[in-house]
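Peer 1: Sharing a structure, written as structure tokens. Questions coming.
The values are calculated or read from the model by the stated rules, or taken from the named source; none is laboratory data. If you're wondering where the values come from, they're calculated on a predicted model, not measured in any experiment. Here the Cβ positions follow ideal geometry from the backbone for every residue, glycine too, while neighbour counts run over all protein chains shown. The protein model used for the area step is the full one, side chains on, heavy atoms only, and it has no ligands, DNA or RNA in it. Shrake-Rupley method; radii C 1.70, N 1.55, O 1.52, S 1.80 Å.
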Amino acid sequence: MQKQSIFQSKLLPYALVAPQLAIVLIFFYWPALQAVIQSFLLQDAFGLSTSFVWFENYIDLFKEPAYFEAIVRTFAFSFAIALSSLSLALLLAVMADKPLRGGTVYRTLLIWPYAVAPPVVGVLWIFMLHPSLGVLSRYLRGMGIDWNPLLDGNQAATLIILAAAWKQISYNFLFFLAGLQSIPKSVLEAAAIDGARPMRRFWTVTFPLLSPTIFFLLVVNIVYAFFDTFGIIDTMTRGGPGKSTETLVYKVYTDGLLGGNLGSSAAQSVILMIMVIVLTGIQFRFVERKVTY
């Protein structure tokens, strides 16, 4: 028989859920509603008068070439960050899943970077790869590489991708390791008895059984690349040089807070939210079909 929780009062379950619902309503739905309303408004330079302009903010936004460049740049960043962080995390998880001396310490050290805040991650990587003060930049110049992310947009983008991927590797590693440890050893032993080599066992047995974890992490990493990289970009490059590292979420900040164009900034945030929802829906609609549960 299935056990069910029985409450003495009918209002008690609602009272237990009420704090969480209040947090979601106050800190998510209410700001989202305010952004949608603000996207249809236009304020003067001093914020003294507001006029309702319908879809004018959206129309002006799609007439701006820099906005489409930011869209392409955001998708490129998201793909590079998700691919690199997932690949390296899976490699480290496979290595950590083996019986190693000091394996517990090894796993703990790999999890630590996730506790570091994104702005701190940006500062750490700046200290390592600053063109004048960075420790690693000296070795790059010694190898004949003209490393200067302050002037070279491609190098600045590479630096952002490296820092953002490093921040996310530990999170992915934790889930990959849990997924690997949940795979029955008898399945791998049966494949080994059938003559499958380690690499073939990984791609034909382990990888398909990890597909639910990979699908979950793919969605999480895409959302992370769209939103949580703001602190890294603001600390390291501030969208430069020449807006080469300005993503959609950072453009919302620069146009709204720095540029004072709150209507356009709100319209961008609404479009960004719709993009993430549509992209997540596409992943659930098509990518999930290849997931083996």
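Peer 1: Mind checking which residues of segment 22-60 are under 14 Å from LEU262 (Cα atoms), among the aliphatic types (A, V, I, L, M) and open to solvent by 60 Å² or more (accessible area, probe 1.4 Å)?
Peer 2: ILE37, LEU42, ALA45, LEU48
Peer 1: Return yes when GLY231 is open to solvent by 10 Å² or more (accessible area, probe 1.4 Å), touching a residue at least 60 places away in the same chain (Cβ under 8 Å), in a loop (DSSP other than H, G, I, E, B) and touching a Gly at 6+ places or on another chain (Cβ under 8 Å) and no when it is not.
Peer 2: Criteria not met by GLY231.
Peer 1: Of everything in segment 257-267, what is surrounded by fewer than 19 Cβ atoms within 10 Å (Cβ to Cβ) and farther than 18 Å from LEU48 by Cβ? Give them in sequence order.
Peer 2: First, the residues of segment 257-267 that are surrounded by fewer than 19 Cβ atoms within 10 Å (Cβ to Cβ): 257-260.
Residues satisfying the conditions are LEU257, LEU258.
Peer 1: Across segment 219-228, what is the number of residues that are touching a residue at least 60 places away in the same chain (Cβ under 8 Å) and open to solvent by 10 Å² or more (accessible area, probe 1.4 Å)?
Peer 2: Residues meeting the conditions: 4.
Peer 1: For residues that are of a type in the set (Phe, Trp, Tyr) and under 10 Å from the mean Cα position of the chain (by Cα), tally how many sit in segment 197-226.
Peer 2: Filtering segment 197-226 down to residues of a type in the set (Phe, Trp, Tyr) leaves 202-203, 207, 215-216, 224, 226.
In the following step, the residues that additionally are under 10 Å from the mean Cα position of the chain (by Cα) were identified as 224, 226.
The qualifying residues number 2.
Peer 1: Condition check: among the β-branched types (Val, Ile, Thr), in contact (Cβ under 8 Å) with a residue 40 or more places away in the chain and over 19 Å from ALA165 (Cα atoms). Does VAL53 satisfy that? Step through it out loud before you land on a result.
Peer 2: Working: among the β-branched types (Val, Ile, Thr): yes; in contact (Cβ under 8 Å) with a residue 40 or more places away in the chain: yes; over 19 Å from ALA165 (Cα atoms): yes.
The answer is yes for VAL53.
Peer 1: Moving on. Just wondering, is there one or more residues in segment 126-133 that are under 18 Å from ALA80 (Cβ atoms), in contact with a Phe, Trp or Tyr (Cβ under 6 Å, 6 or more places away or on another chain) and of a type in the set (A, V, I, L, M)? Spell out how you get there, then give the answer.
Peer 2: To start, the set of residues in segment 126-133 that are under 18 Å from ALA80 (Cβ atoms) comprises 129.
With the extra rule that they be in contact with a Phe, Trp or Tyr (Cβ under 6 Å, 6 or more places away or on another chain), the set shrinks to none.
For segment 126-133, residues under 18 Å from ALA80 (Cβ atoms), in contact with a Phe, Trp or Tyr (Cβ under 6 Å, 6 or more places away or on another chain) and of a type in the set (A, V, I, L, M): absent.
Peer 1: Quick one: GLY134 ticks every box in (1) among the small types (Gly, Ala, Ser); (2) modelled with pLDDT under 90; (3) in contact with a Leu (Cβ under 6 Å, 6 or more places away or on another chain) bar one, so which box is it?
Peer 2: The one condition GLY134 does not meet is (3).
Peer 1: Let me ask something additional. Tell me which of these ARG107 doesn't satisfy, since it passes every other one: (1) touching a Phe, Trp or Tyr at 6+ places or on another chain (Cβ under 9 Å); (2) outside any helix (DSSP H, G or I); (3) open to solvent by 50 Å² or more (accessible area, probe 1.4 Å).
Peer 2: (2)
Peer 1: Scan segment 88-104 residue by residue and report those that are over 23 Å from the mean Cα position of the chain (by Cα) and open to solvent by 70 Å² or more (accessible area, probe 1.4 Å).
Peer 2: The answer is MET95, LYS98, PRO99, LEU100, ARG101, THR104.
Peer 1: Pick out, from segment 110-211, the helices (runs of 4 or more DSSP H) lying fully within it that include 2 or more residues that are surrounded by 15 or more Cβ atoms within 10 Å (Cβ to Cβ).
Peer 2: 118-129, 135-142, 153-181, 185-193
Peer 1: For the list (1) within 21 Å of ALA89 (Cβ to Cβ); (2) of a type outside the set (Gly, Ala, Ser); (3) modelled with pLDDT of 90 or more, I need the number of the one condition that PRO212 fails.
Peer 2: (3)
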